[in-house]
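Any read-out appearing in this document is the output of simple, stated calculations on the displayed coordinates, not a laboratory observation. For clarity, every value in this text was computed on a predicted model and none was experimentally measured. With ideal geometry, Cβ positions are generated from the backbone for all residues, glycine too; neighbour counts draw on all protein chains shown.
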Amino acid sequence: MSQNVIALCVIGFFMVFPLVIGFTAKGKASGSAEDYFIQSRGMGGIAVFFSVAATWWSAFAFLGSNGYFYTTGPLYWTAIAWNILFGILYFGVGKKVWYFGKLNGYVTATDFFKHQYGSVALGNIVAIIMIVGTVPYLQVQLSGGAYLIEVASGGLIPFAAAALLFYVVIIIYVWAGGIRAIAWCDIFYGVLLFFGMVFAGFYVASLVGGPTAMFHQVENLFPGHTHLLPGNWMGWLSMFIITPIGSFMGPQMWARFYSVKSAQTFDIMPFLLAFAAIAYVGSMLTGNAGKILYPDVSELINSNADYILPTVLFNNAPFVLGSILMACGAAAAMSTANAQVLALSTVWTMDFHRNYINKNMTESKTIWIGRIAILVFSAGAYIMCLFIPGLLVSIGLVTLGFTAQVMVPTCGALFWKRSTVAGSIAGIVVGGGINAVCGLGLIAAPGPFATGGTGLFAFLCNVVVFVVVSMLTKPRPEKLMNELKQQYADYYHQVDMY
């Protein structure tokens, strides 16, 4: 059997399998919009863990992490800390959002802000921020998936066609089964992603004599490359804070707050997500061993550090093994892209179309509008991945800087009674604006923030503006605060005291 046939068989399996799951999930659907977008708030613990983990990990993790270890040494070790922080946030913040969503019928993040602050304007601003921050990140997934399919096929499927294939498969199964199809696929994707990252790392390290020999060679050939803090402590701090917060506040994660069936699921997530971070050992081994094998980035496919793993496998591994591992990477990209596509669709359908275009949509009509939105957002991301280049991690950090801004008014609503609508809007506008102009390189962040700390600087500015403006402006209405006070009392009695 020729290599091309083998490659197509491997890719075909990974493309067809989610389609089968999607149409199986469709058979379980109730036909309601709530079921399509958040599984009628009945997602079980296993599906929640794999869906959260696989959505949280992405091409950013499978490809971008290798590239970051290759170019900047141990900076990406921050991933272990941010996995722990993400799990803590899921427990401490996500659990409360889940409860109030279930109690008040929230479907999107916008619903949370409209109710908690009594402000339609704030809700709409949050929706816009989420769209602006998520569409480019969706581009990261399409680009990463296309890279991997291209390499797995031995170049038989070029980048543009690979991205289109990736895009079409996602549309079909998400169109058919909604979030239930995504959650079921993510169990499959999550297992592949974890073992794919670890196995690939140890395999690549074996090419240079194993992990111990690898570290000796890296330190001899590239002195300082393995140092814990390679002169950029602000980059460490920013990645530790902004990456988990930005991902946590993405619309795809809000859907995973609302979908959960039981409060107990939130309690174990910090431990499970911290354990899953072991997979980054594989990325570290790939990045460092790859630097020994290909010290000049110009030797990599397209001279792109994100291609270090595909380059090593393409030139050194048996073709079947390389194709399978690349397909595992494509699973990482697909598991995040599917969630983002549906989340963007949900935001448009529920927050804009239903409120401003057709307020009297039937359940069936609502689902169809959501499906059309899936097409539109995916097409936009596809066009971007063809014409906007950039390192996956670099693009990802800028986009996460936008969605991270939403954490400030979220925590304000949950933990600070004095938070106001004016403070929330002012903070988001200032933080988002700074992230945009600095992220695009129009101006540089001041002082130490100039070296990798743009997102953190924008976030801190948001916090300061939020607190100051909230203290100087009118509190939320007394009637609303009394309602929320009772709900919070019920939360601590019913949920935290079992």
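Between GLY453, ALA176, PHE415, whose Cα lies farthest towards the positive end of the dipole of the chain when Lys and Arg beta carbons carry +1 and Asp and Glu beta carbons carry -1, centred on the Cα centre?
Positive-end residue among those listed: PHE415.
If we count other beta carbons within 10 Å of each Cβ, what is the order of ILE149, ILE84, ILE367, ILE372, fewest first?
ILE372, ILE84, ILE367, ILE149
Per DSSP H run of n ≥ 4, the term is -39500 (n - 2.57); total these for the chain, divide by its residue number, and report the mean residue ellipticity at 222 nm rounded to 500 deg cm²/dmol.
Mean residue ellipticity, 222 nm, calculated: -24500 deg cm²/dmol.
Kindly provide the trypsin sites (Lys or Arg not before Pro) of segment 317-381 that DSSP labels as loop, not H, G, I, E or B, and whose Cβ sees at most 16 other Cβ atoms within 10 Å.
LYS359
Note down the nm distance, to one decimal, between modelled labels 7 Å out along Cα→Cβ at PHE17 and at LEU156.
Using points 7 Å along Cα→Cβ, the separation is 1.8 nm.
Using 0.36 nm per residue of separation minus the Cα-Cα distance, give me the extension gain between ASN315 and VAL429 in nm, one decimal.
Contour length minus the Cα-Cα distance gives 36.2 nm.
Can you sort GLU363, GLU150 from fewest to most other Cβ atoms within 10 Å of each residue's own Cβ?
Ranked by crowding around the Cβ, least crowded first: GLU363, GLU150.
In nm, to one decimal, how far is the modelled label at LYS359 from the one at SER40, with both set 7 Å along Cα→Cβ?
2.9
Only one of the listed values, (i) 24.3; (ii) 22.7; (iii) 25.8, was derived from the coordinates as mean projected area of the Cα convex hull in nm²; which label is it?
Step by step, mean projected area of the Cα convex hull in nm² for this structure corresponds to label (ii).
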